[in-house]
Amino acid sequence: MDLLNIEYEKYTLKNGLDVILHQNDSLPIVSVNIWYKAGSSNEKKGKTGIAHLFEHMMFQGSQNVAKEEHFKFIQEAGGSLNGSTSFDRTNYYEKVPSNFLELILWLESDRMGFLLPAMTQEKLNNQKDVVTNERLERYDNQPYGMAWEKLIANIYPKNHPYSWPTIGFINDIASFTLDDVRNFFETYYSPANASLCIAGSFDRNKTEDMIDRYFGDIPGGKSVKLNVKNPEPIPDNIYLKHHENVQLERIYFAWRTDKGYSPDDASLDLLADILSGSKNARLYKNLVYEKEIAQDVTAYQYSGKYAGHFIIIVTAKPGYSLDVIKSEIMNELEKVCTGPIDSLELQRSKNGIKSGFIYSMQNMDTIADQLNFYNFTLNNPNSFNADLQRYESVTENDIKRVVGKYLMNNYVELRILPNEKQG
Amino acid sequence: MINRAIKPASSDDVKFRLPQVEKFETKNGLQVYFVKRTQLPILRFNLILDAGSKSDPEGKKGMVNLFAMMLDEGAGEYNALQLNDEFDMLGSNFDISANNDNVFISLRTLKEHAERSLQLFSDVVTKPHFNEKAFAREKRKILTRLLQLKDDPDEIANIIFEKHIFEDNPYSYPVIGFEEDINRISIEDLKTFYRNTLTPNNCKLIIVGDSDKDYILSLLDKYFSDWQYNNSFSYTPPAVKKNPNKIFLVHKEGAVQTEIRIGHISGERNSPDYFSKLILNTILGGQFTSRINLNLREDKGYTYGAFSRFSYYKDASYYFVSTSVNAENTGNAVKEILKELEGIKDGVTSGELEFAKSSSIRKFPSNFETNRHIASNISALVIHSLPDNYFDNYLDNIRMVTIDDVNRSATNSISAEDALIVVVGDKKIIKSQLTDLSKEITELESTIF
């Protein structure tokens, strides 16, 4: 599809920084997006959360930018900004009026090359407090908020880098020193381990020149390769129970599947949609719509760089047992495996994915991030069509096959139950 | 070599042209706002009904929300599942939601499926089934949702805050309603509301995307021809009273964080000081580098984030600060927030003023990036009855704000003394931290609504 054939230019600076440029002049705005190939999978047990804490430190100023100025300069320019950390990577992004592109390149290059001179114990202590609060707010104090880390600790073998949460454990966050932060920076934050994407309205020659001036003299460092073996299968079904201050029971199932862009990962995404993506999706229709034994159903495939998993989450209606819900889920999976799949059923999911690709092309931040994602994953930024094609080519038999291949294996089951009433 | 010590200046000012809005009417009197955008072959339709949960009848709170949930449970020749499937097969996203002031019916579609999607849209608007079985099911879904809300400290804080800031006003109860009220609502209530309210004269339709006026109009006249005018619906807003300036402490056993809301009633949306209040709040709590967030997060480390906003409903508004802090620092955080509300009355600096104006002015083009952004900007005009040239004058209105305007707004529109305070957390840890605030404390259980 022409629409998804995104024109771009890609080149690599002498120091190893990948540069991806995509010009679109429909609005006078420009998005800058940088990926560093470092995430929580680069951490060690006992030192979890450093990648994410480090992301926070990147907003604390650098050699030529005082604390708070990073935000202030961008917001003064009418821009928006943020960053995020996942298992595999950390990204930083800004969207500004086109005439402020140089400001962003200055800020991003200053923290890529010259962060450490501005690092202080005071800033670190402050951001450790902020991140601790982030964890408490987003996980510990949320209903069902601890489910995620209980699941991954069991889906993946001990010491597998996906077995701990990206936000980190409270005690680990508290333990980090300035040396930890410095080491992390020196190991991972270098041009050779990063990719810079600019999408939107800009003058190409001037922009290439600016990139060269701002990033060209930063010492290259090296691209870090992590050696992660395919995890061993889950040896036996694992059953977990956790009591919490909640009203409704909830059950989670997790199976190990395969990594991103493995041959089966598009089929698993489509399977998730067939199970829970709409009112007519199998689990939704059966459990929520017809039998009304569940309040909500979610299914998704997570496809990381080193491994993947498939998750089903169902919240029980008051008075209905998780055992009944479990047997319904297992029946539905069995039915996908052995019964018919209507070709229209699969088409419905494919159509949703296809139109989703097109709708997402409205937002420059999304395009820039996606170009970096494809570059990171496939070494080819313009992979929108190829990506869509993976979904288009999935057959009914593929859906059945992946259920048999992955979801009939051992799984982790987690039940979150309301605290026992006292008195 | 570049000199990194020098912050680069901006290059020439950018040129930005506002999207042009065409206004027209269908044969049955529906007003349409259309923005043509041809970058991508997609379209967005937002139908805005000028009636929301504030018009729920006494004893039937939650009716309009239930109406919104029921409207697409079967329409025309399709039952609910079939209707959903029709939209999904086209790759279209169809959604209905309700808030205090409005019901929103929205559609996002590929251009190639615009006509078919709009036909289905018109079925929902003109031929809904209001099926008994679906009604019972949606009711049960809401009752369970009400239970779930009791777990969520953020939602509890918002609901209790609005309950007390508005007291007897119809904005005081939650859009979702109350358990005993939900049980009292009949399907006839929804049908009556539908007949009297969801009519072309009570709605405005906003369309953004790749099409043209004549074609749109022909489709609307074709598919909405039997949608009838009816003027039996009316709503008169009651006067807004001053809020109590007390503390409400909602106990949540074992909570490690405390949700905090602090604020008071404020002036209406289309008053002339809107822009100076916007600039004021940008300085006080609207951005990352605003005073409140820099103090609570970047200086004290009490929170992951804190912000404030003037929140505007159609007939009332309030100013509020929102944050979530670790339980041990609840009292400290409340005190720092009140200190900021007091401190702003000493006046803002010219640096702060320039920062806030620059930020709001330069951000303007990115408020029109997606079809959704544009539709939502036009929605604001419709909901608050703002003039059609509102966005043409927007930048000038911001440029004209002076430091005296902002300082006057700080004096008139921000008050620590008048502030209502809601905290949701573990009373065993937080109550003693709040006793020296010289505000009366009322304790509530988190299961109260």
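Details
- Debye-formula intensities of the range B:211-301, expressed as log10 I(q)/I(0) at q = 0.19, 0.25 Å⁻¹, are -1.10, -1.27 (one equal scatterer per alpha-carbon, no solvent).
- Sites A:ASP2 and B:GLN31, calculated FRET efficiency, Cβ-Cβ separation with R0 35 Å, nearest 0.05: 0.45
- Shape of the range A:55-198, Cα gyration tensor, a/c cut at 1.5: prolate
- Between helix A:204-215 and chain A there is an angle of about 90 degrees, using the helix long axis and the longest principal axis of the Cα atoms.
- Local electrostatic count at B:ASP315 - Lys and Arg +1, Asp and Glu -1, tallied over other residues with Cβ under 11 Å: +1
- Every pair of different Cα atoms in chain A enters the Kirkwood calculation, which places the hydrodynamic radius at 23.3 Å.
- For A:ASP172, neighbours were defined as the other residues whose beta-carbon sits under 11 Å from its Cβ, and their charges (Lys and Arg +1, Asp and Glu -1) total +3.
- Rounded to the nearest 10 degrees, the inclination of helix B:187-197 to the longest alpha-carbon principal axis of chain B is 90 degrees.
- Under 5 Å, built H, 5+ apart or other chain: amide partners of B:LEU444: B:LEU249, B:VAL250, B:HIS251
- Relative contact order (%) - criterion: Cα under 8 Å, at least six apart; region: chain B: 21 percent
- Convex hull volume per residue for the range B:287-400, taking Cα atoms only, in Å³: 145 Å³
- Alpha-carbon spread of the range B:307-370, three principal axes, descending order, Å: 42, 31, 26
- Each Cα pair under 8 Å and six or more residues apart adds its separation to the average, and for the range A:52-127 the resulting relative contact order is 39 percent.
- Radius of gyration and Dmax over the Cα atoms of the range A:370-410, both given in Å: 14.0, 37
- Relative to the longest principal axis of the Cα atoms of chain B, the long axis of helix B:213-223 makes an angle of roughly 70 degrees.
- The listed peptides B:386-397, A:194-205, ordered by packing as a protection proxy, come out as A:194-205, B:386-397 (highest mean of other Cβ atoms within 10 Å first).
- Calculated log₁₀ intensity ratio I(q)/I(0) where the Debye formula runs over C-alpha points of the protein assembly as shown, q = 0.05, 0.07 Å⁻¹: -0.28, -0.59
- The range B:344-442 - convex hull of alpha carbons, volume per residue in Å³: 195 Å³
- Size descriptor, Kirkwood hydrodynamic radius, that averages inverse alpha-carbon separations across the range A:232-291, Å: 14.4 Å
- From phi via Karplus (6.51, -1.76, 1.60), per-residue ³J(HN,Hα) for the range A:244-258 in Hz, x at Gly/Pro: 8, 7, 10, 8, 10, 6, 9, 10, 10, 10, 9, 10, 7, 10, 9
- Across chain A, the relative contact order, built from alpha-carbon pairs under 8 Å that are at least six residues apart, equals 22 percent.
- Rounded if a/c under 1.5, otherwise prolate or oblate - chain B, Cα gyration tensor axes: oblate
- Ranked by the mean number of other Cβ atoms within 10 Å of their residues, highest first, the peptides A:396-409, B:42-55, A:36-49 come out as B:42-55, A:36-49, A:396-409.
- All-pairs alpha carbon distance profile, the range B:394-448, 10 Å steps from 0, percent: 16, 32, 19, 18, 14, 0
- HN-Hα J in Hz across the range A:393-404 - Karplus 6.51, -1.76, 1.60, θ = phi - 60°, x for Gly and Pro: 8, 6, 10, 4, 5, 4, 4, 4, 5, 5, 4, x
- Normalising by residue count, the range B:10-131 has a Cα convex hull of 164 Å³ per residue.
- Mean per-residue shielding of peptide A:122-135 is 4, counting Cβ atoms of other chains within 10 Å of each Cβ.
- Per-residue mean of foreign Cβ neighbours for B:9-20 is 4 (Cβ atoms of other chains, 10 Å radius).
- Take the Kirkwood radius over Cα pairs of the range B:146-258, plug it into Stokes-Einstein at 20 °C and 1.002 mPa s, and you get 114 µm²/s for translational diffusion.
- Alpha-carbon geometry of the range A:243-402: the Rg and the Dmax are 17.1, 52 Å, given in that order.
- Taken one residue at a time, the phi angles of the range B:62-77 give Karplus couplings (6.51, -1.76, 1.60, θ = phi - 60°) of x, 5, 5, 4, 5, 4, 4, 6, 8, 4, 9, 7, x, 7, x, 8 Hz. Gly and Pro are set to x.
- Of the two radii for the range A:188-231, the radius of gyration is 1.16 times the Kirkwood radius, both from the alpha carbons; that is the Rg over Rh value.
Every number here is computed from the coordinates shown, using simple stated rules; none is lab data. As the structure is a prediction and not an experimental result, all values here were calculated from the model. Don't worry about glycine lacking a Cβ; one is built from the backbone with ideal geometry, like all the others, and counts go over all protein chains shown.
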